[in-house]
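Colleague: Input: one structure, supplied below.
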Amino acid sequence: MMHIRQAIATDWPRIWELFQLVAASGEVFTYDETTTEETARQLWFAPPTHCFVAEVEGTFAGTYYLRANQPGRGSHVANAGYMVAPAFRGQKLAEALCRHSLAEARLRGFTAMQFNCVVSTNTAAIRAWQKCGFAIIGRVPGAFRHRHHGLVDVLIMHRALTDDATASAATEQPAEAQHSVS
């Protein structure tokens, strides 16, 4: 059984270990293996960021952070980042973490969520985010140095969190953005 809860200080070593693994892979994060623990902790764990962990049968399985995408006049839009431990990939944990983060974002008063840098070759994540209602609203050519594929595009993904939000990005995305690059 999976349980998602707010992270506590004693969770940090497991989060840091996973962060190092994901960053070193060179496949999904702009952060790389030279990222210091202090930098990672500021990004993932330090206030005003809200950090959550997922456990399956009591075993650490993944984590996410939630925070404002921008300060000030952009602080009503949330941003989140997710990591799933290798042993738990392919089990829809990323989708569960995303759905949990959407509910938490609503509780905290955010009106939308935006992902600024979804690596276009990360098709599993793109599918999960689309299942959670995200639309691709932009593409930045060659913005990510993938360890195996060289320069690849990053996608900007967005979804509203309120029923009264203005036009939905899902119905207005350009045709070229409706498919993912593999």
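Colleague: Can you sort L155, L102 from fewest to most other Cβ atoms within 10 Å of each residue's own Cβ?
Modeller: Ascending Cβ contact count within 10 Å gives the list L102, L155.
Colleague: Taking every DSSP beta bridge that has both residues in the chain, what percent is antiparallel when rounded to the nearest 5? Numbers along the way, then the final one.
Modeller: Working: 33 of 35 bridges.
Close to 95 percent.
Colleague: Quick check on the exposure proxy: order Y65, Y82 from fewest to most C-beta atoms within 10 angstrom.
Modeller: Y65, Y82
Colleague: Right, next: Divide by every residue of the chain the summed helix terms, -39500 (n - 2.57) for each DSSP H run of at least 4, and state the resulting mean residue ellipticity at 222 nm, rounded to the nearest 500 deg cm²/dmol. Present the calculation step by step, with values, prior to reporting the outcome.
Modeller: Details: 5 runs with 50 residues, N = 182.
Value at 222 nm, helices only: -8000 deg cm²/dmol.
Colleague: If neighbour count is taken as other Cβ atoms inside 10 Å, put E27, E57, E95 in order from fewest to most.
Modeller: E57, E27, E95
Colleague: Still on this model: Select one label from (i) 16.9, 54; (ii) 17.4, 62; (iii) 15.8, 46: the one whose number is Rg and Dmax of the Cα atoms in Å as derived from the coordinates shown.
Modeller: From the options (i) 16.9, 54; (ii) 17.4, 62; (iii) 15.8, 46, the structure gives (iii).
Colleague: Using a Gaussian network for the chain with springs between C-alpha atoms less than 10 Å apart, which of these wobbles most: A85, A128, A103?
Modeller: Residue with maximal mean-square fluctuation among A85, A128, A103: A103.
Colleague: Something else about it: Along the range 109-115, what does the Karplus equation 6.51 cos²θ - 1.76 cosθ + 1.60 (θ = phi - 60°) give for ³J(HN,Hα), rounded to whole Hz, x for Gly and Pro?
Modeller: x, 6, 9, 7, 9, 9, 9
Since every read-out is calculated from the coordinates, none of them should be taken as a lab result. Owing to the predicted nature of the structure, the values given are computational and were not obtained by experimental measurement. Note that we place each Cβ from the backbone using ideal geometry, even for glycine, and neighbour counts take in every protein chain shown.
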